[in-house]
Amino acid sequence: MNAIQQAVNQAAEIILGGYRAACEKGLLPKAELSAPVIEVPKDPKNGDYASSFAMQNAKALRLSPLKTAQAICENAILENTLFSEVTCAAPGFINLRLSHGWYESVLSSIIKDGCDYGKTACENPKKIMVEFVSANPTGPMHMGNARGGVLGDTLAEVLSRAGNHVCREFYVNDAGNQIDKFAHSIEARLMQEIYGEEAFVFPEDGYHGDDIKALASDYIKEHGDSIKDAPEHERLNALAEYGLNRNIPKMKSDLQRYGIVYDNWFFESQLHKGSIEETVKLLTDRGFTYENEGALWLKTSEILHANLLREGKTEEQIEKLELKDDVLRRSNGFYTYFAADIAYHRNKLSERGFDIAINIWGADHHGHVARLKGALDALGLDGEHRLEIILMQLVRLMRDGEVVRMSKRTGKAIALSDLLDEIPVDAARYFFNSRAADTHLEFDLGLAVRQDSDNPVYYVQYAHARCKSILKALSQEGIATTPVNPNFSLLTDPAEIDLIRELSKLPEEIRLAADALDPSRLNRYSSSCATAFHHFYSICRIKEAATEDLRDARISLVNCVAQVIENTLSTLGVSAPDHM
RNA sequence: GCGCCCGUAGCUCAGUAGGAUAGAGCGACCGCCUCCUAAGCGGUAGGUCGGAGGUUCGAAUCCUCUCGGGCGUGCCA
């Protein structure tokens with residue numbers, strides 16, 4: 001349990017203890033009460049923690065909240081607790097103030113835990129897969145993939161530091177319709193290069209990007225043009241394979257440049273070796289499929305209908321949704337992407353035994369969430385609880401105040417690799433993690449290219465650099481930068497107390513980010529941590545502290561700040577430079 | 001039509017298991033380097049929390065309705 005959780009739990013105990021003691025003295029009536037809610041007051045004047053316990057239970061106690069709060073405060077016992085003061089305030093708040101010893105213990109644990117400060121040892125760790133990016137290997141990755149990559153990688157890190165076993169996976173769609181389209185597109189460019197633009201019609205739904213042209217001409221450079229005379233089937237296979245062998249390593253290296261390394265690359269083509277068929281058969285055996293017009297359908301509407309009724313929706317509400325069934329196997333005999341996706345998730349949850357599968361999808365896929373969960377329910381895999389889909393709103397790309405449309409088809413998308421050529425990885429990662437997944441992210445190209453202080457990542461990194469710089473300056477003067485047994489009780493300036501309070505939050509921030517599947521809150525935390533430090537730095541002198549003991553205590557505090565910022569930034573995949 | 005997401009300061013956004021005077025950054029304005037990095041610090045101005053009802057001692061937060069923007073609603077992936 002971390003320092004914050006300890007304090008919150010103890011605050012509740014103190015209040016309940018005060019209530020019980022008051023009851024025994026006959027000051028308060030005994031009643032069934034709701035447990036005290038502990039919160040952090042906005043105004044620090046109202047203490048470190050506060051509870052509306054007396055107001056919550058005013059009805060049950062039939063007493064004015066203020067009287068209840070007074071009785072509780074007068075009878076609460078603070079000896080041997082983390083708190084030094086409990087007071088009441090109108091209209092009935094109970095406010096608690098942490099003792100200085102608590103702050104001292106925070107610093108001790110940061111020093112003790114070092115790089116591990118912020119991590120939580122989970123009692124029942126879960127085996128979690130985070131699948132993200134999974135961009136089609138038919139073209140370059142775009143800004144949406146950039147956001148998804150940062151989100152997935154950071155979330156995986158957060159879950160891991162919250163005590164879970166985490167696997168990062170990229171699902172490679174190397175089979176199916178889009179690969180045919182890909183092959184036909186390369187073929188067309190190749191034929192056009194050999195026979196001229198007019199000689200070969202480019203498929204209407206093909207990929208128009210320049211990268212396809214490059215693949216075609218590179219193929220000719222490497223293998224000559226004899227492929228033009230090969231049977232079509234053979235030619236398309238060869239070109240698809242060539243394209244994938246070029247694109248997949250490129251995606252891998254682009255992501256790596258971005259600080260993202262996967263534990264596993266899972267190929268869709270694997271599933272086509274019997275697993276999809278098996279999964280579909282399983283659904284059929286369980287009575288969830290039927291044939292119509294030559295295709296095999298999943299009874300999605302029936303499955304979802306049952307789920308919705310269980311959730312308490314009325315028949316009328318469900319009627320409005322116009323639920324539809326989905327095709328698993330097309331009348332041409334090919335399985336749909338949906339069928340492959342069901343097989344893939346069965347593979348994750350059943351064959352590979354992950355407790356939870358988390359997917360990061362573009363919000364444009366939201367229509368598929370319910371039906372995939374439903375299909376897993378139909379397989380008895382509890383998709384409702386074991387599959388978590390994070391829908392990420394698309395990135396709105398701005399240039400000169402105008403929206404830039406992203407389109408793979410027209411080839412005008414800004415590629416991930418172009419982005420990294422222009423802005424540092426640290427800035428990109430920090431920026432893409434700055435908002436929760438479900439909000440639209442506006443990305444101004446002009447602003448992103450700028451490497452000045454407008455970028456908030458520098459603000460945080462600068463705090464770290466300042467810490468390291470002081471320590472370096474001190475050590476050059478022969479002053480020990482890791483004092484033995486520093487006397488933390490000397491750190492009593494409000495700026496010092498505020499700073500330590502910020503430092504205490506990291507483990508809880510990581511836990512909350514993991515719970516909410518929202519790593520963006522760590523950006524906000526890193527920033528408020530930096531603010532507390534910059535404020536402290538401008539108010540409290542370190543070298544010229546009043547006494548050597550105070551100086552040493554502050555040196556230790558600076559060490560702790562550097563450690564906490566480093567741990568926070570490393571969770572985000574951002575570097576913590578020693579100097580800037 | 002139906003579904004999902006969003007609407008809070010000039011701009012970009014925090015804040016939703018209901019709590020005390022609604023916050024931050026940028027932009028604007030005013031201050032601070034003879035002093036450990038000014039990529040910094042301190043301060044001022046700026047709000048009918050899209051709108052209307054309701055629940056409550058108390059609503060940005062919960063419920064209903066409504067207006068505006070984005071996305072989706074394929075035998076595409």
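The values are calculated or read from the model by the stated rules, or taken from the named source; none is laboratory data. Owing to the predicted nature of the structure, the values given are computational and were not obtained by experimental measurement. Methodologically, a virtual Cβ is constructed for each residue, glycine included, from the backbone with ideal geometry; neighbour enumeration extends over all protein chains shown. In case anyone asks, the SASA skips ligands and DNA or RNA and just uses the protein heavy atoms, side chains included. Shrake-Rupley method; radii C 1.70, N 1.55, O 1.52, S 1.80 Å.
With each run of n ≥ 4 DSSP H residues scored as -39500 (n - 2.57), what mean residue ellipticity at 222 nm is computed for chain A after dividing by its residue count and rounding to the nearest 500 deg cm²/dmol?
Rounded to the nearest 500, the figure is -16000 deg cm²/dmol.
Once both axes come from the Cα atoms, what is the angle between helix A:300-310 and the longest principal axis of chain A, in degrees from 0 to 90, rounded to 10?
20
Output the pairs from A:Lys42/A:Lys67; A:Lys221/A:Lys250; A:Lys181/A:Lys213; A:Lys126/A:Lys299 with a Cα-Cα distance over 21 Å in this structure; if there are none, say none.
Pairs exceeding the cut-off: A:Lys42/A:Lys67; A:Lys126/A:Lys299.
Between A:Thr492 and A:Ala473, what is 0.36 nm times their sequence separation minus the Cα-Cα distance? Round to one decimal in nm.
Fully extending the segment from A:Thr492 to A:Ala473 adds 4.4 nm.
For A:Lys252 paired with A:Ala31, estimate the spin-label separation in nm (one decimal), with each label point 7 Å from Cα along the Cα-to-Cβ line.
6.7
If I compute solvent accessible area with a 1.4 Å probe over the protein chains, what percent of it on the stretch A:1-60 is carbon and sulfur?
The nonpolar share, carbon plus sulfur, comes to 53 percent.
Could you give the accessible area per residue of the stretch A:289-405, probe 1.4 Å, as a whole number in Å²?
Each residue of the stretch A:289-405 exposes 53 Å² on average to a 1.4 Å probe.
How large, in percent, is the carbon and sulfur part of the accessible surface of the stretch A:110-187 at a probe radius of 1.4 Å?
47
Just to verify a number: FRET efficiency for A:Glu123 and A:Glu232, C-beta to C-beta distance, R0 = 56 Å, to 0.05?
Computed FRET efficiency for A:Glu123 and A:Glu232 comes out at 0.40.
Which value, in Å², gives the accessible area per residue of the stretch A:503-559 when a 1.4 Å probe is used on the protein heavy atoms?
With all protein chains present, the stretch A:503-559 gives 38 Å² per residue.
Students often check this: by mean Cβ neighbours within 10 Å, which of A:274-280, A:183-189 ranks highest, and how do the rest follow?
A:183-189, A:274-280
To check you understand DSSP bridge types, tell me what percent of the beta bridges within chain A (both residues inside) are antiparallel, rounded to 5.
The answer is about 50 percent antiparallel.
In 5 Å bins starting at zero, report the fraction of Cα pairs in the stretch A:156-276 per bin as a rounded %.
Calculated over all Cα pairs of the stretch A:156-276, the distribution is 2, 10, 17, 19, 15, 13, 9, 6, 4, 3, 2, 1, 0 percent.
Using Cα positions and a limit of under 24 Å, work out the lysines in reach of A:Lys119, with same-chain residues fewer than 8 apart set aside.
Excluding near neighbours in sequence, the set is A:Lys127, A:Lys468, A:Lys505.
Between A:Thr547 and A:Asp578, what's the calculated FRET efficiency when r is the beta-carbon distance and R0 is 25 Å? Round to 0.05.
0.35
Just the number, please: carbon plus sulfur as a percent of the accessible area of the stretch A:248-327, 1.4 Å probe, no ligands or DNA/RNA counted.
The C+S portion of the solvent-accessible surface of the stretch A:248-327 is 49 percent.
Provide the gained length on full extension for the span A:Glu388 to A:Glu442, in nm with one decimal, where the gain is 0.36 nm per separating residue minus the Cα-Cα distance.
Full-extension gain reported as 16.9 nm.
So if we plug the beta-carbon distance of A:Glu322 and A:Cys115 into 1/(1 + (r/R0)^6) with R0 = 56 Å, what FRET efficiency do we get, rounded to 0.05?
Taking R0 as 56 Å, the efficiency between A:Glu322 and A:Cys115 is 0.55.
Which values of log₁₀ I(q)/I(0), to two decimal places, follow from the Debye formula for chain A at q = 0.07, 0.09 Å⁻¹ with a uniform point scatterer at every Cα?
Relative scattering, expressed as log10 I(q)/I(0), comes to -0.59, -0.88.
Computed over the Cα atoms, what is the radius of gyration of the stretch A:1-84 divided by 2.2 N^0.38 Å, N being its residue count?
1.07
Separation between the A:Glu222 and A:Glu422 pseudo-spin-labels, each 7 Å from Cα along Cα→Cβ, expressed in nm?
Roughly 2.9 nm, to one decimal.
How large is the accessible surface per residue of the stretch A:38-153, computed with a 1.4 Å probe and reported in Å² as a whole number?
Solvent-accessible surface per residue comes out at 45 Å².
At 7 Å along the Cα-to-beta-carbon direction for both A:Glu241 and A:Asn485, put a label point, then send me their distance in nm to one decimal.
7.3
Quick one: helix A:3-24 against the long Cα principal axis of chain A, what's the angle to the nearest 10°, folded into 0 to 90?
Around 50 degrees separate the two axes.
What number comes out for the charge environment of A:Met55, summing +1 per Lys or Arg and -1 per Asp or Glu over other residues with Cβ under 14 Å away?
That works out to +2.
Helix A:548-572 sits at what angle to the longest principal axis of chain A, using alpha carbons and giving 0 to 90 degrees rounded to 10?
20
Quick check: with the 1.4 Å probe, what order do A:Cys115, A:Cys167 take by accessible area, largest first?
A:Cys115, A:Cys167
Working out 0.36 nm times the residue gap between A:Glu311 and A:Glu79, then minus their Cα-Cα distance, what length gain in nm do you get to one decimal?
Between A:Glu311 and A:Glu79, full extension yields 78.7 nm more.
Give, as a single signed number, the net charge of other residues whose beta carbon lies under 15 Å from the beta carbon of A:Lys273, with Lys and Arg counted +1 and Asp and Glu -1.
It works out to a net charge of -3.
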